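Undergrad: One structure is given below, represented as structure tokens, and several questions about it will come after.
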Amino acid sequence: MIELRVSRHPLVQSYLARLRDAETSSAEFRRLAHTITQLLAYEATADLPLRDIEIQTPMSRARFQTLDARIAIVPILRAGLSMADVLLDLLPDAQVWHIGLYRDETTLQPHAYYSRLPQAAAVDIGLVVDPMLATGGSALHACRLLREIGIPRIKLITLIAAPEGVARLQTDLPDLQIHTGALDDRLNEIGYIVPGLGDAGDRLFGTSPAHPSHGGP
């Protein structure tokens, strides 16, 4: 059974409401997305393993705990780049891999145009980041690539998700853990999230939307 964790943190919900506002500028959108990602990353990393170490403090020698996991941060280009930098600030020793995908607006199927992954993964956990989980096609493609190179544990971190995307991942990747700020109502007839927040990539980078009724990729 897929593990879906929808954040109930008051700050996440408050910032998401401002993120959704059509009047929010690109600069403010980026700032809000950065903050929400920080909060979601905090929740998504709460169960990472620890190991004991011994440290000499200014006062005495004592035993403490430190992170014991090899981690890869995997943004789905292009919008995922905005989230990857946030995670890298929190996990500076993590590897960063990139997967470039775009969605065919007619078939709604993902098409890969770039992939920078090792042939065999020497990591324990892959953190896939993309602002929106809509049809689930891009996330599924990315997670399958990580499975193929041997990553045993994968988490998907996304700002908002649609039930259809979650259901698709449930069928193909039942052991996936999803962390999201909100589970929205549905996809519209062209496969965009409703109520959504618009096209995340366009709003992050200040580009014009390809379709006036976009609710998310």
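Undergrad: May I ask you to say which residue of Asp21, Asp89 is of a type in the set (D, E, K, R) and over 17 Å from the mean Cα position of the chain (by Cα)?
TA: Unique residue meeting the criteria: Asp21.
Undergrad: A follow-up question, please. For the range 122-139, which positions are surrounded by fewer than 20 Cβ atoms within 10 Å (Cβ to Cβ) and either basic (Lys, Arg) or out of contact with any strand residue (DSSP E or B) (no Cβ under 7 Å at 6 or more places or on another chain) (or both)?
TA: Result: Ala122, single match.
Undergrad: So which residues in the range 140-170 are open to solvent by 10 Å² or more (accessible area, probe 1.4 Å) and closer than 15 Å to Leu77 by Cβ, if there are any at all?
TA: Correct list: His141, Leu145.
Undergrad: Another one. Please go through (1) part of a helix (DSSP H, G or I); (2) under 25 Å from Glu28 (Cα atoms); (3) at pLDDT below 90 for Ser138 and return the number of the only condition it doesn't satisfy.
TA: (2)
Undergrad: What number goes with the only condition from (1) out of contact with any helix residue (DSSP H, G or I) (no Cβ under 6 Å at 6 or more places or on another chain); (2) of a type in the set (Lys, Arg); (3) at pLDDT below 95 that Arg8 does not pass?
TA: Going through (1) out of contact with any helix residue (DSSP H, G or I) (no Cβ under 6 Å at 6 or more places or on another chain); (2) of a type in the set (Lys, Arg); (3) at pLDDT below 95 one by one, Arg8 breaks only (3).
Undergrad: Another question, then. Could you list all residues from the range 206-217 that are open to solvent by 40 Å² or more (accessible area, probe 1.4 Å) and either at pLDDT 80 or above or in contact with a Pro (Cβ under 9 Å, 6 or more places away or on another chain) (or both)? Give the derivation first.
TA: Of the range 206-217, the ones open to solvent by 40 Å² or more (accessible area, probe 1.4 Å) are 206-213, 217.
Matches in the range 206-217: Pro217 only.
Undergrad: Return yes or no: is Pro58 of a type outside the set (Val, Ile, Thr) and within 28 Å of Ala200 (Cβ to Cβ)?
TA: No.
Undergrad: For the range 10-46, which residues satisfy the criterion of being of a type in the set (Ser, Thr, Tyr) and either open to solvent by 50 Å² or more (accessible area, probe 1.4 Å) or under 20 Å from Phe205 (Cβ atoms) (or both)?
TA: Ser14, Tyr15, Thr24, Ser25, Ser26, Thr35, Thr37, Tyr42
Undergrad: Could you give me the residue pairs with C-beta distances under 6 Å whose first residue belongs to the range 28-48 and is within 10 Å of Leu159 (Cβ to Cβ), whose second residue is part of a helix (DSSP H, G or I) wherever it lies, and which are 6+ apart or on separate chains?
TA: The qualifying pairs are Leu32/Tyr15; Leu32/Arg18; Leu32/Leu19; Ala33/Ser82; Ile36/Val12; Ile36/Tyr15; Thr37/Met83; Thr37/Val86.
Undergrad: Report, by residue number, each residue of the range 1-49 that is closer than 23 Å to Gln177 by Cα, in a loop (DSSP other than H, G, I, E, B) and among the charged types (D, E, K, R).
TA: Within the range 1-49, Arg8, Asp47 meet the criteria.
Undergrad: On the basis of being modelled with pLDDT of 95 or more, in contact with a Ser or Thr (Cβ under 9 Å, 6 or more places away or on another chain) and open to solvent by less than 30 Å² (accessible area, probe 1.4 Å), does Leu87 make the cut?
TA: yes
Undergrad: Still on this structure: Could you list all residues from the range 54-80 that are open to solvent by 40 Å² or more (accessible area, probe 1.4 Å) and assigned to a strand (DSSP E or B)?
TA: Selection gives Glu54, Ile55, Gln56, Arg61, Arg63, Phe64, Gln65, Thr66, Leu67.
Undergrad: In the range 173-205, which residues are open to solvent by 50 Å² or more (accessible area, probe 1.4 Å) and either at pLDDT below 95 or assigned to a loop (DSSP other than H, G, I, E, B) (or both)?
TA: Selection gives Pro174, Asp175, Asp185, Glu189, Pro195, Phe205.
The values are calculated or read from the model by the stated rules, or taken from the named source; none is laboratory data. Since the structure is predicted, the reported quantities are computational estimates derived from the model, not experimental observations. Neighbour counts are summed over all protein chains in view; Cβ atoms, including those assigned to glycine, are modelled from backbone coordinates with ideal geometry. We work out accessible area using only protein heavy atoms, side chains counted, and drop any ligands, DNA or RNA first. Shrake-Rupley method; radii C 1.70, N 1.55, O 1.52, S 1.80 Å.
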